[in-house]
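J.: Take this structure, written in structure tokens, and hold onto it; I'll ask about it next.
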Amino acid sequence: MRDGFGREITYLRLSVTELCDLRCRYCMPEEGVCKKRHGDMLTEEEMIDAVEAAASLGIAKLRVTGGEPLVKKNILSICRRAAAVPGIREVCLTTNGTRLPELAKPLREAGVCRVNLSLDTLNAEKYAWITRRGRLEDALAGLRAALDAGFEKVKVNAVLIGGFNDGEIPALAELTGKFPVDVRFIELMPMAAGGDFPPSAYLGADAVLRALPEAEPAAGDGGVARLYRLPGALGNIGLISPISAHFCGGCDRIRLTADGKLKPCLHSAAEYSIKGLTREEMAERMRAAVLAKPQWHGELSFEVRSRARRDMNEIGG
Ligand code: SAM
Ligand code: SF4
């Protein structure tokens with residue numbers, strides 16, 4: 001369906017949990033999340049009802065996210081059932097990768113066709129610092145498992161953080177020379193509480209092009225990413241710039257949080273609850289949420305923080 005500005009909404013991001021085995025500094029607090037009551041979270045049945053309601057309104061692409069979706073016990077069942085919903089053409093998943101060694105193949109068999117893996121650095125100490133507890137070797141084992149499992153596409157997402165990983169842009173980009181992956185650099189978003197980063201951490205994505213003078217513009221549908229390619233590479237480099245060059249004009253998505261709140265815009269506080277509704281009522285609420293989608297997310301900067309009022313692990317990115 002179309003929103004109030006004529007944009008066709010075809011993509012739902014479904015967050016299946018707020019919990020995570022890591023604690024990335026830009027995403028969630030060190031102490032984790034204050035666990036909500038089990039009864040306040042969407043059940044698997046409600047998630048599938050919501051996917052069916054969304055499909056009835058023209059949603060064709062689903063991205064399963066979190067928190068960390070792979071810490072959710074029933075993740076395979078959710079993916080398998082969501083992939084079987086008529087009208088859903090693609091089920092994709094975004095993960096930190098730590099559990100992909102066990103789950104990559106079962107996810108592929110459950111119908112997940114594409115996987116995005118978050119990896120901000122190739123330095124083990126820096127990885128432990130940014131995730132506050134993760135081990136680089138686990139994420140790299142996850143990447144290898146994803147490549148072996150036969151997904152249609154594997155992408156690596158790196159949040160670009162000035163003073164942290166801008167010196168690693170060539171090394172991260174070089175993954176596209178070694179593996180059939182796209183590497184996408186995402187501008188750090190100033191979430192309300194997420195991270196104590198100084199203004200210099202908020203680098204524009206153009207820093208990637210300055211660090212990769214040999215990169216050439218590439219053809220293809222990068223979605224929200226501008227695509228480039230290194231000579232002879234197996235995959236593309238993507239630049240995702242929500243801050244320096246927002247892409248709200250082409251936004252095709254809505255979000256659903258694990259506690260059942262539809263978010264028409266990532267950076268707005270507006271939320272529409274679908275918890276406890278029937279599928280038909282969910283579809284009505286979704287229609288209302290889509291029609292309430294703002295034209296753009298408004299100014300965002302180090303000074304003007306996101307108005308989302310939630311950390312990223314509660315929204316799903
Ligand atoms: N746990 C999974 C993961 O890390 O891929 C899925 C959820 S995570 C919230 C989804 C994406 O949001 C990740 O790629 C993460 O790097 C990104 N993200 C989280 N906080 C962010 C921020 N403040 N700015 C930019 N990207 C952020
Ligand atoms: Fe967890 Fe993903 Fe957030 Fe990192 S970015 S804390 S892995 S939800």
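The values are calculated or read from the model by the stated rules, or taken from the named source; none is laboratory data. Because the structure is predicted, anything quoted here is derived from the model rather than measured. Virtual Cβ from ideal backbone geometry, glycine too; neighbours counted across all protein chains shown. Areas reflect the complete protein model, heavy atoms only, side chains present, ligands, DNA and RNA absent. Shrake-Rupley method; radii C 1.70, N 1.55, O 1.52, S 1.80 Å.
J.: So the check is Cβ under 6 Å with 6+ separation or different chains; which pairs have a first residue in region 157-178 that's within 21 Å of residue 243 (Cα to Cα) and of a type in the set (A, V, I, L, M) and a second one that's open to solvent by 10 Å² or more (accessible area, probe 1.4 Å) and more than 16 Å from ligand 1 (Cβ to nearest atom)?
T.: From residues that are within 21 Å of residue 243 (Cα to Cα) and of a type in the set (A, V, I, L, M), the pairs are 169/211.
J.: Quick check on this structure: which one of 142, 134 is assigned to a helix (DSSP H, G or I), within 20 Å of the chain's Cα centre (by Cα), within 12 Å of ligand 1 (Cβ to nearest atom) and not β-branched (Val, Ile, Thr)?
T.: Working: 134 fails: assigned to a helix (DSSP H, G or I).
Answer to the selection: 142.
J.: For region 157-170, give me each residue that is within 13 Å of ligand 2 (Cβ to nearest atom) and either of a type in the set (Val, Ile, Thr) or in a helix (DSSP H, G or I) (or both).
T.: Within region 157-170, the first condition is being within 13 Å of ligand 2 (Cβ to nearest atom), and the residues that meet it are 157-159, 161.
Correct list: 159, 161.
J.: Scan region 55-77 for residues that are in a helix (DSSP H, G or I) and under 20 Å from residue 286 (Cα atoms) and jot them down.
T.: Within region 55-77, the subset in a helix (DSSP H, G or I) is 55-56, 69-71, 75-77.
Residues satisfying the conditions are 55, 56.
J.: Could I ask something else about it? Within 17 Å of the chain's Cα centre (by Cα), within 14 Å of residue 316 (Cβ to Cβ) and among the small types (Gly, Ala, Ser) - does that describe any residue in region 41-54? Explain how you work it out, then say what you get.
T.: The first filter runs over region 41-54 and keeps only residues within 17 Å of the chain's Cα centre (by Cα), leaving none.
No, region 41-54 has no match at all.
J.: Still on this structure, please answer the following. Go through 150, 134, 111 for me and flag whichever is open to solvent by 20 Å² or more (accessible area, probe 1.4 Å) and farther than 22 Å from residue 238 by Cα.
T.: Values: 150 fails: farther than 22 Å from residue 238 by Cα; 134 fails: open to solvent by 20 Å² or more (accessible area, probe 1.4 Å).
None of the others qualify; the one that does is 111.
J.: Tell me, yes or no, whether region 166-176 has at least one residue that is among the aliphatic types (A, V, I, L, M), closer than 22 Å to residue 197 by Cα and at pLDDT 95 or above.
T.: From region 166-176, those among the aliphatic types (A, V, I, L, M) are 169, 171-173, 175; that's our starting set.
Filter once more, so that each one left must be closer than 22 Å to residue 197 by Cα: 169, 172.
From what's left, at pLDDT 95 or above: 169, 172.
Checked against the condition, which is being among the aliphatic types (A, V, I, L, M), closer than 22 Å to residue 197 by Cα and at pLDDT 95 or above, region 166-176 yields at least one hit.
J.: Out of 52, 46, 102, which single residue is open to solvent by 20 Å² or more (accessible area, probe 1.4 Å), farther than 25 Å from residue 10 by Cβ and not in a loop (DSSP other than H, G, I, E, B)? Break it down into steps so the answer makes sense when it comes.
T.: Details: 52 fails: farther than 25 Å from residue 10 by Cβ; 46 fails: farther than 25 Å from residue 10 by Cβ.
102 is the lone residue from the list that is open to solvent by 20 Å² or more (accessible area, probe 1.4 Å), farther than 25 Å from residue 10 by Cβ and not in a loop (DSSP other than H, G, I, E, B).
J.: Follow-up. Which ones in region 248-292 are part of a loop (DSSP other than H, G, I, E, B), surrounded by fewer than 22 Cβ atoms within 10 Å (Cβ to Cβ) and more than 19 Å from the chain's Cα centre (by Cα)?
T.: 270, 275, 276, 277, 278, 292
J.: Looking at 91, 85, 115, which one is in a loop (DSSP other than H, G, I, E, B), more than 13 Å from ligand 2 (Cβ to nearest atom), within 20 Å of residue 258 (Cβ to Cβ) and not charged (D, E, K, R)? Can you show your working first?
T.: Working: 91 fails: in a loop (DSSP other than H, G, I, E, B); 115 fails: in a loop (DSSP other than H, G, I, E, B).
Just one listed residue meets the conditions, 85.
J.: Could you tell me whether any residue of region 43-60 is under 29 Å from residue 132 (Cα atoms) and in contact (Cβ under 8 Å) with a residue 40 or more places away in the chain? Let's see the steps before the verdict.
T.: Taking region 43-60 first, the residues under 29 Å from residue 132 (Cα atoms) are none.
For region 43-60, residues under 29 Å from residue 132 (Cα atoms) and in contact (Cβ under 8 Å) with a residue 40 or more places away in the chain: absent.
J.: Return the residue satisfying two criteria in turn: it lies in region 221-239 and is out of contact with any Phe, Trp or Tyr (no Cβ under 6 Å at 6 or more places or on another chain) and modelled with pLDDT under 95, and of such residues it is most open to solvent (accessible area, probe 1.4 Å).
T.: Selected residue: 221.
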